[in-house]
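The values are calculated or read from the model by the stated rules, or taken from the named source; none is laboratory data. Keep in mind the model is a prediction, meaning the values are calculated, not measured. Here Cβ is always computed from backbone atoms with ideal geometry, including for glycine, and neighbour counts include all displayed protein chains.
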Amino acid sequence: MDSRFHWWQTGIIYQIYPRSFQDSNGDGIGDLPGIESRLDYVRSLNVSAIWLSPIYPSPMHDFGYDVADYCNIHPLFGTLADFDRLLAETHRCGLKLILDLVPNHTSDEHPWFIESRSSRDNPKRDWYIWRDPAPDGGPPNNWLSYFGGPAWTFDPHTGQYYLHQFVKQQPELNYRNPAVLTAMLDNMRFWLDRGVDGFRVDVIWLMMKDPLFRDEPPNPAWNGINPHDSLLHLYTANLPEVHDLIHAMRRVLDEYDDRMMVGEIYLPNEELAKYYGTPEAPECHLPFNFHLIHVPWKAAAVRQLVDDYEASVPPHGWPNWVLGNHDQHRLATRVGADQARVANMLLLTLRGTPTCYYGDEIGMHDVPIPPDMVQDPPAVNQPEIAHIVGRDPERTPMQWDASPNAGFAPAGVRTWLPVADDYAVRNVAVQSADPTSILSFFRALTALRGAEPALTIGAYRSLDVAADDVFVYERRHGDSRLLIALNFVGAARRLDLSAVARQAQVILSTELTGPRQVTLADLDLRPNEGLILRI
């Protein structure tokens with residue numbers, strides 16, 4: 001591979017939700033030793049790095065995103081010694097390890113907040129965002145929580161409100177106090193010194209708020225469903241000053257050898273591009289690009305999105321793509337089981353770094369959650385829209401085999417979320433033994449990607465075709481030219497690509513048919529089929 005490119009550019013990132021990957025001690029919750037026991041499987045996927053959702057000590061009001069100690073491990077997941085062994089074994093396997101960093105807010109049980117709320121004159125009072133009540137005694141302004149209700153909670157002990165854009169147990173840090181940033185950078189160094197390869201930074205675009213605390217205006221395009229969407233978040237998100245914080249975080253990463261930072265950012269392309277920074281003042285190595293998750297699953301819409309995003313990435317930036325994560329409905333649920341292979345082929349052949357969510361490689365789908373097992377705060381707080389905002393369905397246990405609890409936990413153990421009802425037929429063991437399975441396809445696809453510089457570092461251009469429901473694009477590096485043709489519908493399509501070349505060889509099909517020569521003037525795509533062709 002070209003030495004000018006880094007591992008985070010040429011490789012694949014695999015997200016593991018630790019609670020749901022592998023339970024090693026029989027408590028129904030996944031843990032670090034469980035992840036370590038499955039590293040051979042992870043390596044078999046031909047990925048380069050694993051990203052772990054939060055594993056810090058936490059009261060778990062938001063499943064680890066309410067951090068009570070940034071420099072330790074929650075006992076549910078193990079110990080610091082377990083983490084060090086996992087990190088060492090990950091590196092021994094040739095993999096990198098990325099941790100979640102949650103700098104926007106802490107738990108209300110973090111020692112910083114316990115001090116902050118103890119009195120108005122405590123030295124850590126302004127480490128968090130406190131405001132006097134409105135004249136009527138209510139919240140200081142109209143800011144809303146992502147998880148339902150106001151973004152303010154009253155503290156009767158000190159007579160002020162504190163800000164939280166998520167659950168009330170997640171008070172927001174005040175980065176207008178320089179001491180807060182200094183402390184967070186030290187937390188980063190703690191893990192970087194241990195050898196962690198980078199961070200995925202939670203809600204990085206929310207870290208600064210309007211100093212005047214102005215009311216946010218109504219959203220004229222609100223569809224009346226999710227209350228948080230009823231406002232335009234001009235004063236709680238994407239403030240210009242946030243870039244100064246990210247510059248400082250990047251400078252810390254650059255003190256170390258070949259580390260990286262992914263920023264969680266939900267913004268339009270032109271705003272997202274700003275989070276790369278500049279060559280002189282770089283920011284995120286990869287500002288997360290979630291647009292494929294939200295675009296209508298139609299070939300023309302996806303092509304337009306890809307072309308627009310490609311045009312928005314600055315020359316010093318590197319693209320990235322995501323089709324699933326712990327906050328979004330499962331890929332196979334969103335696009336349908338028939339299109340899941342096409343979607344994976346798209347994700348893994350576009351220019352840029354792909355991030356894959358555990359279980360998508362075997363086609364896991366959203367799992368219905370019985371009312372007595374619903375745990376996710378937005379679903380608990382807003383039961384009337386739980387089916388929209390609830391995230392439990394995409395966080396269910398990994399399906400390893402046909403044994404009870406899908407091999408995730410011992411038989412007879414109540415798992416923290418239910419296992420899918422199809423686990424006996426949709427699991428790693430069954431699919432590993434089936435050369436035509438989606439897992440076998442995924443492994444073939446990732447192996448091909450790793451072997452073809454055109455797919456990892458090659459140029460991209462989309463091609464015009466007569467069929468509106470087919471997306472065709474070229475990846476090119478040196479003399480190597482590959483065409484990717486994706487059929488987004490359940491009907492056969494015939495293409496005329498003779499303007500590109502006369503003949504080509506199919507080197508991978510979503511149906512795992514063998515290599516074959518084809519005439520590009522009348523290229524046949526089966527229903528829901530994707531092809532990679534060598535010109």
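The residues in segment 266-314 that are within 18 Å of His243 (Cα to Cα) and of a type in the set (D, E, K, R) can be counted, and the count is 5.
Scanning segment 109-137 for residues that are over 36 Å from the mean Cα position of the chain (by Cα) and under 28 Å from Gln382 (Cβ atoms) gives Pro133, Ala134, Asp136, Gly137. If you check Leu239, Leu212, Leu206, Leu232 for being of a type outside the set (Lys, Arg) and out of contact with any Asp or Glu (no Cβ under 9 Å at 6 or more places or on another chain), only one passes: Leu212. Taking the listed residues Val42, Val67, the one that is within 25 Å of Gly450 (Cα to Cα) and either out of contact with any Lys or Arg (no Cβ under 8 Å at 6 or more places or on another chain) or of a type in the set (Gly, Ala, Ser) (or both) is Val42, with no other qualifying.
Consider Asp421 carefully, then state whether it is surrounded by fewer than 16 Cβ atoms within 10 Å (Cβ to Cβ), assigned by TED's automatic domain parsing to the domain that holds Trp318 and not hydrophobic (A, V, I, L, M, F, W, C). It is true that Asp421 is surrounded by fewer than 16 Cβ atoms within 10 Å (Cβ to Cβ), assigned by TED's automatic domain parsing to the domain that holds Trp318 and not hydrophobic (A, V, I, L, M, F, W, C). Against the conditions (1) in contact (Cβ under 8 Å) with a residue 60 or more places away in the chain; (2) among the aliphatic types (A, V, I, L, M); (3) in contact with a Gly (Cβ under 8 Å, 6 or more places away or on another chain), Ala447 satisfies every one except (3). Residues in segment 138-175 that are closer than 30 Å to Ile388 by Cα and over 34 Å from the mean Cα position of the chain (by Cα): Gly138 only.
Pairs are defined by a Cβ separation below 7 Å, a sequence spacing of at least 6 or placement on different chains, a first member in segment 145-167 that is of a type in the set (A, V, I, L, M), and a second member that is not in a loop (DSSP other than H, G, I, E, B); the pairs so defined are Ala151/Leu144; Ala151/Leu163; Leu163/Trp152; Leu163/Glu172; Val167/Pro377. Within segment 430-464, the set of residues being β-branched (Val, Ile, Thr), within 27 Å of Asp307 (Cβ to Cβ) and not in a helix (DSSP H, G or I) comprises just one member, Ile457. Screening segment 312-407 for helices (runs of 4 or more DSSP H) wholly inside it with 1 or more residues that are free of Cβ contacts under 8 Å to residues at least 12 places away in the same chain, assigned by TED's automatic domain parsing to the domain that holds Ala299 and not β-branched (Val, Ile, Thr) returns the ranges 386-389. Evaluation of Arg38 against the conditions (1) closer than 21 Å to Arg200 by Cα; (2) within 21 Å of the chain's Cα centre (by Cα) shows that the sole unmet condition is (1). Of the residues making up segment 450-472, those that are of a type outside the set (Val, Ile, Thr) and crowded, with 21+ Cβ neighbours inside 10 Å number 3.
Pairs meeting the criteria (first residue in segment 474-502 and surrounded by 15 or more Cβ atoms within 10 Å (Cβ to Cβ), second residue hydroxyl-bearing (Ser, Thr, Tyr) and in a strand (DSSP E or B), beta carbons under 9 Å, at least 6 apart or on different chains) are Glu474/Tyr460; Glu474/Ser462; Arg475/Tyr460; Arg476/Tyr460; Leu483/Tyr473; Ile484/Tyr473; Ala485/Tyr473; Leu486/Tyr473. Would you mind stating whether Ile438 is over 17 Å from Asp327 (Cα atoms) and either charged (D, E, K, R) or surrounded by 15 or more Cβ atoms within 10 Å (Cβ to Cβ) (or both)? Spelling it out, Ile438 is indeed over 17 Å from Asp327 (Cα atoms) and either charged (D, E, K, R) or surrounded by 15 or more Cβ atoms within 10 Å (Cβ to Cβ) (or both).
Table: residues versus (1) among the aromatic types (Phe, Trp, Tyr); (2) in contact with a Cys (Cβ under 7 Å, 6 or more places away or on another chain); (3) closer than 21 Å to Ala299 by Cα.
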{"residue": "Arg443", "(1), (2), (3)": "no, no, no"}
{"residue": "Ala454", "(1), (2), (3)": "no, no, no"}
{"residue": "Arg461", "(1), (2), (3)": "no, no, yes"}
{"residue": "Phe471", "(1), (2), (3)": "yes, no, yes"}
{"residue": "Asn487", "(1), (2), (3)": "no, no, yes"}
{"residue": "Ser498", "(1), (2), (3)": "no, no, yes"}
{"residue": "Ala521", "(1), (2), (3)": "no, no, yes"}
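For the residues His329, His316, the requirement of being out of contact with any strand residue (DSSP E or B) (no Cβ under 6 Å at 6 or more places or on another chain), surrounded by fewer than 24 Cβ atoms within 10 Å (Cβ to Cβ) and closer than 22 Å to Gly390 by Cα singles out His329.
When segment 144-193 is filtered for residues that are aromatic (Phe, Trp, Tyr) and in contact with a Lys or Arg (Cβ under 8 Å, 6 or more places away or on another chain), the ones remaining, listed by number, are Trp152, Tyr161, Tyr162.
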